[in-house]
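The values are calculated or read from the model by the stated rules, or taken from the named source; none is laboratory data. The structure displayed is predicted, hence computed values, not measured ones. Here the Cβ positions follow ideal geometry from the backbone for every residue, glycine too, while neighbour counts run over all protein chains shown.
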Amino acid sequence: MDSSQIPIVFDCKELQAILGISRSQAYQIMRQADFPVVEVSPRKHRIYRAAFLEWLERKSRLDQ
């Protein structure tokens, strides 16, 4: 998926689609201390595209 196709703000379901992972894997990622998630309410979390792409870039550099 091209980064311009990622919504500016997205949720867990869209994170699943972007990364091609299961719901439980998406929630595990969202619970990581370094993952850029915003808690809108106790049951609603959102992710900003720019912060997500920075996080993904950092992760890919660490894995090399």
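Couple of notes before you dig in:
- Residue that is farthest from Leu15 (Cα to Cα), among those in the stretch 33-43 that are in contact with a helix residue (DSSP H, G or I) (Cβ under 9 Å, 6 or more places away or on another chain) and not in a strand (DSSP E or B): Asp34
- Criterion (hydrophobic (A, V, I, L, M, F, W, C) and modelled with pLDDT of 95 or more) met by exactly one of Leu53, Leu62: Leu53
- In summary, Leu15 fulfils each of the numbered conditions (1) surrounded by 11 or more Cβ atoms within 10 Å (Cβ to Cβ); (2) not in a helix (DSSP H, G or I) with the single exception of condition (2).
- Take the conditions (1) in a helix (DSSP H, G or I); (2) modelled with pLDDT of 95 or more; Arg46 misses just one of them, which is (1).
- Residues that are out of contact with any helix residue (DSSP H, G or I) (no Cβ under 6 Å at 6 or more places or on another chain), farther than 9 Å from Arg49 by Cα and among the hydrophobic types (A, V, I, L, M, F, W, C), drawn from the stretch 2-20: Ala17, Ile18, Leu19
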